[in-house]
Amino acid sequence: MHYNNRLWLSELKRDNPEWFNGTRVLELGSGGAEPFIRELFVNPKEYVGVDIVAGPTVDVVADAATVDFGKTRFMPVMCFSLLEHAPNWRECLTNGVKYVERGGVMIGCHGAEGNQHHGPEPWKIVPEQDFKDHVATLDVDIVEAFFEEQRYGPDCTGAYDWILRKR
């Protein structure tokens, strides 16, 4: 989690407090070293962190592409710094969208053009257009999408932030 992520998420929480209070949250790729995303949520009905590697912020060890929550739906689904580390990123995104409640949002950031190589491995950029092309096949609309450096400066070049709304 880098500084510009924190700025954007803080703005989202200020502008959309209903997304962060009393909600059922799914975080895909929750195995990062810090609980910043989890700490944004006030009195969540449920919070489930999923990652392929166990850790203190991971509740379910599973692949985001295949994790199964049955008929349970979440609002929001969070997905930060997962896609560029998942060779099966399309399947991860598709499966994540499946668990967003109708009218709800999926909020994320991934490494796109200009992003610097970083761990863990594997790592490969997910180009903006590839992301948009795949999103066009899903039951969502892009609410917002931008490169962080264009809004906040060059803290983490190539970081591509997005919000998807489930139709």
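In table form, for the structure just shown:
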| read-out | value |
| --- | --- |
| In order through the stretch 98-107: 3J(HN,Hα) via Karplus (6.51 cos²θ - 1.76 cosθ + 1.60), integer Hz, x for Gly, Pro | 4, 9, 7, 5, 4, x, x, 10, 10, 10 |
| Charge dipole magnitude, Cβ of K and R +1, D and E -1 - the chain, Cα centre, debye nearest 20 | 600 |
| Assigned charges on the beta-carbon of Lys, Arg, Asp, Glu; the stretch 57-103 dipole about Cα centre (debye) | 260 |
| Karplus 3J(HN,Hα) series, Hz, for the stretch 133-145 with 6.51 cos²θ - 1.76 cosθ + 1.60 (x for Gly, Pro) | 4, 5, 4, 4, 8, 9, 8, 9, 10, 7, 7, 7, 7 |
| Convex hull of the chain built on C-alpha atoms - directionally averaged projected area, nm² | 8.6 |
| For MET1, MET78, order by how many other beta-carbon atoms lie within 10 Å, fewest first | MET1, MET78 |
| Rounded to 5, the percent of DSSP beta bridges in the chain classed as antiparallel | 50 |
| Chymotrypsin sites (Phe, Trp or Tyr not before Pro) lying in DSSP loop within the stretch 108-167, provided at most 16 other Cβ fall within 10 Å | TRP123 |
| Integer Hz, Karplus 6.51/-1.76/1.60 couplings in order for the stretch 34-49, x for Gly and Pro | 9, x, 3, 4, 4, 6, 6, 8, 9, 6, x, 4, 7, 9, 10, x |
| Reach of LYS71 by Cα under 24 Å, taken over lysines that are not fewer than 8 positions away in the same chain | LYS45, LYS98, LYS166 |
| Under-5 Å amide H pairs with VAL140, H placed in peptide plane, nonlocal only | ARG167 |
| Summed residue charge, Cβ within 15 Å of PRO87's Cβ, Lys/Arg positive, Asp/Glu negative | -3 |
| Choice from GLY70, GLY111, GLY32 with maximal GNM fluctuation in the chain (Cα, 10 Å cutoff) | GLY70 |
| Mean separation of Cα contacts under 8 Å (6+ apart) over length of the chain, as relative contact order % | 19 |
| Listed residues VAL60, ASN115, PRO154: farthest to the positive end of the dipole of the chain (Cβ charges) | VAL60 |
| Cut-off 11 Å between beta-carbons: net charge of the residues surrounding HIS117, Lys and Arg +1, Asp and Glu -1 | -1 |
| Shape call, the stretch 1-79: gyration tensor on alpha carbons, a/c limit 1.5 | oblate |
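Bear in mind that the values in this text are calculations on the coordinates, not laboratory data. Since the structure is predicted, the reported quantities are computational estimates derived from the model, not experimental observations. Note that we place each Cβ from the backbone using ideal geometry, even for glycine, and neighbour counts take in every protein chain shown.
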